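The values are calculated or read from the model by the stated rules, or taken from the named source; none is laboratory data. Owing to the predicted nature of the structure, the values given are computational and were not obtained by experimental measurement. Heads up, the Cβs are rebuilt from the backbone with ideal geometry, glycines too, and the neighbour counts pull from every protein chain shown.
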Amino acid sequence: MSNFVDQAYRFGERLRRRRRAAIESLIDDAHRRRGSVRILDLGGRKAYWNIFDDAYLESRNVSITLVNPEIVAPAPESGRFVEIAGDACNLPQFADNAFEVVHSNSTIEHVGHWDNVEKFARQARRLAPAYYVQTPYYWFPVDTHVLLPLFHWLPDVVQAKIFAHTRLAAYGSSVDIGAAMRRVQDARLLDREQMAFLFPDAQIRFEWFGPLPKSLIAVRPAAE
């Protein structure tokens with residue numbers, strides 16, 4: 001099982017590197033307009049940005065603010081990264097268009113019930129003229145969080161019982177039913193119609209795994 005998890009992780013890394021081109025386009029455009037690029041990464045970690053060469057980020061004068069509910073492992077001191085504790089659904093400390101680009105990778109599905117999902121989307125849309133928001137696709141037949149086929153299509157109560165009575169690859173141990181329900185409700189995957197509703201001014205793209213759409217990406221370039 002550990003070999004399967006390793007392979008899945010390496011595949012995830014390859015997908016993230018494929019996303020680089022779309023993100024670079026937003027960065028390059030912002031740099032052309034302003035000469036520097038302030039990125040707000042909602043739910044991001046410093047390690048994610050290793051998909052870019054440091055020389056590229058330096059050449060575009062990129063600075064990145066990472067927002068997470070709590071700072072578990074602060075980013076090392078760097079002039080490029082600032083890490084703050086905050087709620088990505090409510091960021092009143094930042095004015096409209098305070099950044100050039102908002103970025104988020106596999107976060108919107110973890111913010112809770114639908115009202116929070118809408119709040120998250122509103123923040124992403126208001127805080128920069130350009131954004132890139134990625135999330136796993138509901139209709140992809142493998143649950144990318146637990147690495148099991150069809151798991152996310154099961155009723156919540158069935159998912160919770162599996163969490164409570166088995167050792168799943170992505171988590172490693174069984175839990176009581178209360179913790180199991182919290183795990184089930186931690187991830188709410190979206191479909192294309194929902195994504196288009198949340199981001200009506202974006203291009204909604206699929207990211208493909210062979211012939212199957214695996215992820216959804218909402219991309220809004222800055223208006224000319």
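Just a few scattered comments:
- Hits in region 106-144 - residues which are aliphatic (A, V, I, L, M) and under 25 Å from Ala223 (Cα atoms): Ile108, Val117, Ala121, Ala124, Leu127, Ala128, Ala130, Val133
- On inspection, Arg126 passes the criterion of being in contact (Cβ under 8 Å) with a residue 24 or more places away in the chain and out of contact with any helix residue (DSSP H, G or I) (no Cβ under 7 Å at 6 or more places or on another chain).
- Residue match in region 71-82 (condition: among the charged types (D, E, K, R) and modelled with pLDDT under 95): yes
- Unmet requirement for Tyr132, which otherwise passes all of (1) under 19 Å from Leu42 (Cα atoms); (2) surrounded by fewer than 17 Cβ atoms within 10 Å (Cβ to Cβ): (2)
- When region 105-129 is filtered for residues that are crowded, with 24+ Cβ neighbours inside 10 Å and either of a type in the set (Gly, Ala, Ser) or outside the structural domain of Trp49 (by TED's automatic domain parsing) (or both), the ones remaining, listed by number, are Ala121, Ala124, Ala128.
- Applying a threshold of 6 Å to beta carbon distances and a minimum spacing of six or more residues, or different chains, the list of pairs starting in region 32-53 at a residue that is of a type in the set (Ser, Thr, Tyr) and ending at one that is surrounded by 12 or more Cβ atoms within 10 Å (Cβ to Cβ) and at pLDDT 95 or above reads Ser36/Asn61.
- Restricting Asp176, Asp186, Asp156, Asp201 to residues that are surrounded by fewer than 13 Cβ atoms within 10 Å (Cβ to Cβ), at pLDDT below 95, of a type outside the set (Val, Ile, Thr) and closer than 30 Å to Phe94 by Cβ narrows the list to Asp186.
- Residue check for Ala85: surrounded by fewer than 16 Cβ atoms within 10 Å (Cβ to Cβ) and more than 24 Å from Arg33 (Cβ to Cβ): yes
- Among the residues of region 34-49, those identified as under 13 Å from Val82 (Cβ atoms), surrounded by 23 or more Cβ atoms within 10 Å (Cβ to Cβ) and in contact with a helix residue (DSSP H, G or I) (Cβ under 8 Å, 6 or more places away or on another chain) are Ile39, Asp41.
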